[in-house]
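Written out below as structure tokens is the structure these notes cover.
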Amino acid sequence: MIKCGKFVLAIAAAILISGSVCACSAQESSELLEGKKVLSQMQSKLPLQKGFTNTSQTTVQPGFDSPESAVKGYLTGLRESNLKYMTDTFSESMEIDDIMRQYAILCGLGLDEGEPVSLKSTAEVKAFVDNLESGIKAMDLNSVKLVGFVDPGDLDDAYTNEKHQENLIRIANRYGGDKMVSCVAAIEVNGKKFFLIFDVIRKDGRWFNHQLGGIFANMSGMERKEAGTLSLETADEQILKQLVPDFSKNLLDAEAGHGALGSAVTNEEAGGFDSSQTAVRRYLEYLAANEQDKMIGTFAVESYVDHFDFRTRLESSGAYIFMQQEFNFPAVTDFSRDLNIESRKNDIRWNLLEQYTALGVFSEIDTADLVQAEDLDVSFALSELPKRLNTSSIKILGYISPEKMSESYGSNDFQDIELRKMKAYGADDIESIGAVFELNGARYIICIDTVKYENRWFIRELGGELSLLLGIDSRYAGIIRADYLENPDIDSHILPLN
């Protein structure tokens, strides 16, 4: 059994679950204390849960001739249930969270991210999920019509104020543009009418969507969770329809017809591996080579989404909190499936960011400018962190059996928990591995959860169950320094990763 000695960290003040983890050493090195200080400063900037999705991207779109054309492009993608086309209309930053918020409103799901839904029985779960599924299936996105645009100045005189226009230019400059405007699109979908508000930015003479909702929505008193989506079906908002009296028009008619945009489906996962050990080894090899697309490809993405049992997960958790779920929607249509796949990909990217940040703290390498930026650019951070960490120096040493790291891992109680989780994942098997590697002369152990679908193994998560048993904070992606484990014979526990 491997005993834990110095493993405290600033994050590990929590109760240690595993019986094999002992108390901390009273004496700590100045380096460790400094690492704790850096970590505590860093953690105030990191979210407490995964699913952070402010994921920057370089658009493949050449941009649009006008702000209205950019909005039309987005709505054309929505009509075609083509999530990729929708996100490609944005310049550099796309928030899939806002698209999910907007989609929930358009579907009439009645979800409020500030109101947890208590689900105390199987019957309550069934009724709740049935309601979600029926609302999603009833939404005919191909019925989307753009009937016109409303001048924001007609809705709020403050929009035309000179100081507000100057502020829009400053914000545009901040994001690499020279002009920003707000667009209010009047649409109809499934016979219901909405105003959709967009911030649109001009860069190098071309227009791109910048944000759903945004500045004008905030000026109008809308909350962020509404994603600039205003229903025109209530009595108080009937007067707004007078601004667009003719809802028989459809300005999207001249755009691409149904199916003309091509397939939105692109597989992220690489097809799986013969064993859990191979999946982990390949991941570490790609980590050393800084091939992040291949790193993501070792994870279960499409398979995870397609096998995930939404009902079982809710029965296990006993509650649903919109925008705080691993998946916010059951994948019962192509579009809700694509939303879940994008959520899964963003969770993985965030997992990678946690991993690099943890290694930076342990290595005493300053990453504050990348992970504490006011506008966190995940893609830029992921591209820069490996260079600072010198991940090309990684040497894979092997793995340690999870039973050697924690007595609890093999207990009946823990295995019962694993069986329940395996059912929620829709998996054939799951397994945790503690891989050992060397970086810049220091040894590390990374706990990795793997999952098996149709006789193929994938990574499910960096961190996961073994990491929890060892008391490692979830934001550390399952990483600890090997010398934090009090065992002079640790080499004898390391087995080769086949």
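See the values below:
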quantity: Label-point separation in nm, LYS294 to ASP491, each point 7 Å along Cα→Cβ; calculated: 3.0
quantity: Extension gain, ARG420 back to GLU454 (0.36 nm per residue minus Cα-Cα distance, nm); calculated: 10.4 nm
quantity: Under Karplus coefficients 6.51, -1.76 and 1.60, residue-wise ³J(HN,Hα) of the range 398-415 in Hz, glycine/proline x; calculated: x, 8, 10, 4, x, 5, 6, 8, 8, 4, 5, 4, x, 5, 4, 4, 5, 5
quantity: Sum of side-chain charges, CYS183 neighbourhood, beta-carbon under 9 Å (Lys, Arg +1; Asp, Glu -1); calculated: -2
quantity: Length released on extending from GLU223 to SER66, taking residue separation times 0.36 nm less the Cα-Cα span; calculated: 53.8 nm
quantity: Relative contact order %, the range 133-228, counting alpha carbon pairs below 8 Å whose residues are six or more apart; calculated: 23
quantity: Flagged links, alpha-carbon separation over 29 Å, of LYS137/LYS294; LYS126/LYS192; LYS294/LYS423; calculated: LYS137/LYS294
quantity: Against the rule of thumb 2.2 N^0.38 Å, how large the Cα Rg of the range 129-246 comes out; calculated: 1.18
quantity: Label-point separation in nm, VAL117 to ASP428, each point 7 Å along Cα→Cβ; calculated: 3.3
quantity: Förster-model FRET efficiency, 56 Å R0, ARG388 and SER411, C-beta, rounded to 0.05; calculated: 0.90
quantity: Packing-based ranking, highest mean first, of 101-111, 387-397, 159-169, 447-457 given that Cβ atoms within 10 Å are counted; calculated: 447-457, 101-111, 387-397, 159-169
quantity: FRET efficiency for ASP151 and ASP334, using Cβ-Cβ distance with R0 set to 45 Å, rounded to 0.05; calculated: 0.80
quantity: Computed over the range 341-393: relative contact order in percent, which uses C-alpha pairs under 8 Å that are six or more apart; calculated: 39
quantity: Net charge of neighbours whose Cβ lies under 9 Å from the Cβ of ARG344, counting Lys and Arg as +1 and Asp and Glu as -1; calculated: -4
quantity: Ranked by how many other beta carbons lie within 10 Å on average, peptides 190-203, 302-315 from highest; calculated: 190-203, 302-315
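Just so you know, all these numbers are worked out from the coordinates, no wet-lab data involved. As the structure is a prediction and not an experimental result, all values here were calculated from the model. Every residue, glycine among them, receives a Cβ derived from its backbone with ideal geometry; neighbour counts consider all protein chains shown.
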